[in-house]
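A short write-up of the structure that comes next.
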Amino acid sequence: MEVICSIGKGSKVKKKQVEHEALFVIIANNIKTHKRQIIGVGASTKEPAFAYTIGNQEKGLPELLLIGNFHPNITHGILTTVSDSMIEQKASFKDGHLFNLGGTHSVKIIDAKDPKAKKDYTVQAGQFYANEDYLVQQVIIPDTNGNWPDDPGCNVKFKVPVLKSALLLP
């Protein structure tokens with residue numbers, strides 16, 4: 001099996017094709033060197049692109065997941081910034097926390113308790129740790145008017161799955 005692995009340095013993202021076993025070595029080295037590995041998965045005809053971290057769990061923090069067809073450098077930058085902030089404060093964010101990245105609108109961080117978060121999105125994290133004993137927080141980007149994906153007026157380009165457990169939805 002071959003996997004495409006995005007390895008980011010600053011604002012550059014390079015793609016490298018690697019064997020599955022070798023991916024775990026790369027992930028471990030990137031966690032050691034850069035505090036995390038960010039895995040990016042391109043969009044399909046039915047699903048949007050997404051990216052997530054591996055490495056926060058080693059610090060007792062949730063892995064981060066961002067879903068949406070955004071440029072890889074933007075996705076990588078957001079995940080890195082939010083992850084660095086969690087690591088610095090040695091705590092995860094409260095469910096629903098608004099994180100200001102310096103722009104007009106903040107991103108929202110939610111507890112991704114829907115089983116799909118691990119089953120459909122952060123698969124390599126579970127394989128890397130050889131278990132599902134890790135938490136996931138989803139980073140949600142609003143549209144240019146500040147509407148969230150579950151808002152009726154949200155721009156269709158920003159409507160992505162929101163992975164709160166169905167039991168937790170209002």
Phi-derived 3J(HN,Hα) across region 101-113 with the Karplus relation (6.51, -1.76, 1.60, θ = phi - 60°), rounded Hz, x for Gly and Pro, is 9, x, x, 5, 10, 7, 8, 10, 10, 10, 6, 8, 8
When the Cα centres of region 35-55 and region 106-141 are compared, how far apart do they sit, in Å? 11 Å
Under a 1.4 angstrom probe, counting protein chains only, how are Glu63, Glu47 ranked by accessible area, largest first? Glu47, Glu63
Under 14 Å from the Cβ of Ile31, count the other residues' Cβ atoms, weight Lys and Arg +1, Asp and Glu -1, and hand me the total. +1
Net charge near Lys59, counting Lys/Arg +1 and Asp/Glu -1 over other residues with Cβ under 10 Å of its Cβ? +2
Given axes a ≥ b ≥ c from the Cα gyration tensor, I'd like to know whether the chain is rounded (a/c under 1.5), prolate (a/b larger than b/c) or oblate. rounded
Longest principal axis of the chain (C-alpha) makes with the long axis of helix 20-34 (C-alpha) an angle, in degrees to the nearest 10, of 70 degrees
Net charge around Asp95, counting only other residues with Cβ within less than 12 Å of its Cβ (Lys, Arg = +1; Asp, Glu = -1)? +3
If the label point is 7 Å along Cα→Cβ of Asn131, which residues in region 19-56 have backbone nitrogen under 18 Å from it? 54-56
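The values are calculated or read from the model by the stated rules, or taken from the named source; none is laboratory data. The shown structure was predicted, so the numbers you read here are calculated from the model rather than taken from an experiment. Cβ atoms come from the backbone with ideal geometry, glycine included; neighbour counts cover every protein chain shown. SASA here: full protein model, heavy atoms, side chains in, ligands and nucleic acids out. Shrake-Rupley method; radii C 1.70, N 1.55, O 1.52, S 1.80 Å.
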